[in-house]
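What follows is one structure encoded as structure tokens, with my remarks underneath.
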Amino acid sequence: MAQRMDKKWKIGPEYKIDYVVKPSTELGKGELSIMLSVPYDEIHFVKQNSQFKGRFDISIMIFEGKEKRVSESWIEKLTVDEFKLTNSRKKTIEMQKKYVLAPGKYRLEVLITDLKTQNRRKQVNDIDMSKLSKGPWMMGDLYFMKDSSAVKGSDNMPEAIYVGFSASGVKGKYPFSYILQSRDKTFKQGKFEIELVKERHEYIFPVRTADLNYNQYFLTLMTVIDSIEYKRSIPLRVQWSGTSSLIPNLEEAIEQMRYLSHTGYFPSRTYKKMMNAEGKEQKDFFTETWKNIDPTPHTENNELMNEYYYRVHVANQRFSGHREGWRSDRGMIYVIYGDPDAVEEHHMEINTKPYMIWYYYSVNRSFIFVDNTGFGDYQLSEPLSEY
């Protein structure tokens, strides 16, 4: 039996990063707006007299190639009066930072460390601000207006959401169109005109969402100005309250639960039932299964679900190639066991194909991955009988 994941959840505080690229008020520059959100129950609170206090360190670095353009660190402090708030998933501490940068391609690294437990989690995002230098018009990213937050976390869908973007450099009336798709299938499309102004300005348009189902969609806005086509896209996720924000859609989320079935969290017949069910029955199977394996059912947050889909997300980032990263051998081991305690890499040995060894000291296991093709597709040297 593999190590049960509920013994190794806490890699570090789980937090959400959103960022928006906009034209700056400085001529020829862009503005990177970064929003961080940390749920209260990801913070370790310590009782002091009648209050509960938490402290965590935040570090933001922005690189252009190997050059560090931004480096900023600070300590956030949080005080609450009620113990139940320390376990709240709905309550979050929100932080926002803005940086003025020249159009270009950047790498954003954010590290958050809980100062009591020293648990830490790092997230890395590639930021493309070079699109701001395309043509006479500077068009920033699409973003959802604040009133649209219910789309991502509530069972009660609003009739419409409002999408905004900032732009500058062109004046006049121009036609725009949008399309809402999922897996190359079109669900909605529309056309309208916008009266543009030369100064930096925020523009807002509505998209009807009341009839959308749980899924991952992509909204694309398009226009042509001075013979140059401009396109901006944003993911639109419709989900149920209490589920991980990293779940792409129900069918894929269920398929990704394969390793939980393999490692004994629930019988294989349960997994097959979920895979074969449809509609509301499939949703009920999914929610009931996660409810049954929730290690802390008395809290709003299912830590196992959040950590599991975070590992799937990381596996896709690190190990994707001709197939999704979570399906690869390294992805499978990462999702089940997390980060290895140590890694040996062997690339230059004579008459030996490149290979690496992952060590997990806490469970007294090691895994050997061999690059049989020479294209970086490392596979387990021996199949695992339990999987």
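In region 20-49, the residues that are closer than 24 Å to D126 by Cα form Cβ pairs under 6 Å with partners that are among the acidic types (D, E) and surrounded by fewer than 19 Cβ atoms within 10 Å (Cβ to Cβ), at six or more places apart or across chains, as follows: M35/D18; S37/E94. When you check I60 against the structure, is it among the hydrophobic types (A, V, I, L, M, F, W, C), in contact with an Asp or Glu (Cβ under 8 Å, 6 or more places away or on another chain), modelled with pLDDT of 95 or more and on the phi < 0 side of the Ramachandran plot, yes or no? Considered against the rule, which asks whether it is among the hydrophobic types (A, V, I, L, M, F, W, C), in contact with an Asp or Glu (Cβ under 8 Å, 6 or more places away or on another chain), modelled with pLDDT of 95 or more and on the phi < 0 side of the Ramachandran plot, I60 comes out as yes.
The set of residues from region 43-56 being exposed (fewer than 15 other Cβ atoms within 10 Å of the Cβ) and not charged (D, E, K, R) comprises V46, Q48, N49, S50, Q51.
Yes or no, residue by residue, for (1) farther than 30 Å from R89 by Cβ; (2) in a strand (DSSP E or B):
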position	(1), (2)
E307	no, no
R311	no, no
G374	yes, no
Q379	yes, yes
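When Y337 is tested against (1) aromatic (F, W, Y); (2) without any contact (Cβ under 8 Å) to a residue 24 or more places away in the chain; (3) touching a strand residue (DSSP E or B) at 6+ places or on another chain (Cβ under 9 Å), only condition (2) is not met. Scoring A210 on the criteria (1) over 18 Å from the mean Cα position of the chain (by Cα); (2) within 30 Å of W290 (Cβ to Cβ); (3) surrounded by 16 or more Cβ atoms within 10 Å (Cβ to Cβ) leaves a single failure, condition (3).
Identification of strands (runs of 3 or more DSSP E) wholly contained in region 14-54 with 3 or more residues that are on the phi < 0 side of the Ramachandran plot and under 17 Å from the mean Cα position of the chain (by Cα) yields 16-23, 30-39. Just to verify a result, which residue in region 327-342, among those that are among the hydrophobic types (A, V, I, L, M, F, W, C) and assigned to a helix (DSSP H, G or I), is farthest from Y259 (Cα to Cα)? The selected residue is I333.
Can we say E252 is under 26 Å from R237 (Cα atoms), among the acidic types (D, E) and either in the same structural domain as L85 (by TED's automatic domain parsing) or assigned to a helix (DSSP H, G or I) (or both)? Spell out how you get there, then give the answer.
Values: under 26 Å from R237 (Cα atoms): yes; among the acidic types (D, E): yes; either in the same structural domain as L85 (by TED's automatic domain parsing) or assigned to a helix (DSSP H, G or I) (or both): yes.
Spelling it out, E252 is indeed under 26 Å from R237 (Cα atoms), among the acidic types (D, E) and either in the same structural domain as L85 (by TED's automatic domain parsing) or assigned to a helix (DSSP H, G or I) (or both).
Pick out the one residue from S73, S59 that is within 27 Å of the chain's Cα centre (by Cα) and either without any contact (Cβ under 8 Å) to a residue 40 or more places away in the chain or exposed (fewer than 12 other Cβ atoms within 10 Å of the Cβ) (or both).
Working: S59 fails: either without any contact (Cβ under 8 Å) to a residue 40 or more places away in the chain or exposed (fewer than 12 other Cβ atoms within 10 Å of the Cβ) (or both).
Matching residue, one of S73, S59: S73.
The values are calculated or read from the model by the stated rules, or taken from the named source; none is laboratory data. This one's a predicted model, so the numbers in the text were calculated from it and none came from an experiment. Virtual Cβ from ideal backbone geometry, glycine too; neighbours counted across all protein chains shown.
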